[in-house]
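The values are calculated or read from the model by the stated rules, or taken from the named source; none is laboratory data. Computed from a prediction, not measured in an experiment: that's the story for all the values here. Here the Cβ positions follow ideal geometry from the backbone for every residue, glycine too, while neighbour counts run over all protein chains shown.
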Amino acid sequence: MFDEQRAQLATRIRVVLRRREAYRDLFYTGRGGALSPSAEIVLADLRRACFLDRPTTAYSGNGAVDALATAENEGARRIGLRIQQALTLSDERLHRMLDANELE
């Protein structure tokens with residue numbers, strides 16, 4: 001059983017590392033480089049579209065909270081946060097996630 005769990009963990013590590021590198025390759029110019037001009041435009045758009053810069057709560061015309069629209073906004077935010085995390089995920093954070101068994 002222990003060997004099976006170890007193999008599953010190793011697979012999850014490889015998947016997360018590949019995903020992190022893919023996001024970085026897409027947005028950054030070279031190793032340790034700055035964001036590309038296109039990446040800056042896309043990330044600014046995602047910041048707005050994914051509610052990374054404002055609350056997700058939506059209100060109906062009568063001022064009541066619109067639960068469905070708020071849930072939709074939260075879904076968009078989750079995607080934005082996932083992209084943001086992939087771009088900023090350090091090896092140290094990855095190890096802490098592994099220790100806490102947080103990898104998806």
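Key figures
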quantity	calculated
Residues satisfying the stated conditions in the stretch 1-14, i.e. among the hydrophobic types (A, V, I, L, M, F, W, C) and free of Cβ contacts under 8 Å to residues at least 12 places away in the same chain	Met1, Phe2, Ala7, Ala10
Cβ pairs under 8 Å, 6+ apart, first in the stretch 54-68 and closer than 20 Å to Leu81 by Cα, second among the acidic types (Asp, Glu) and in a loop (DSSP other than H, G, I, E, B)	Ala58/Asp66
Of residues in the stretch 37-68 being touching a strand residue (DSSP E or B) at 6+ places or on another chain (Cβ under 8 Å) and part of a helix (DSSP H, G or I), the one nearest to Arg24 (Cα to Cα)	Ala39
Flag if Asp3 is within 19 Å of the chain's Cα centre (by Cα) and part of a helix (DSSP H, G or I)	no
Boolean, Glu72 is acidic (Asp, Glu), more than 30 Å from Gln5 (Cβ to Cβ) and free of Cβ contacts under 8 Å to residues at least 40 places away in the same chain	yes
Selection within the stretch 30-53 - on the phi > 0 side of the Ramachandran plot and either at pLDDT 95 or above or of a type in the set (A, V, I, L, M) (or both)	Phe51
Residue ID - modelled with the lowest pLDDT, chosen from residues in the stretch 54-91 that are loosely packed, with under 10 Cβ neighbours inside 10 Å and under 22 Å from Leu35 (Cα atoms)	Asp91
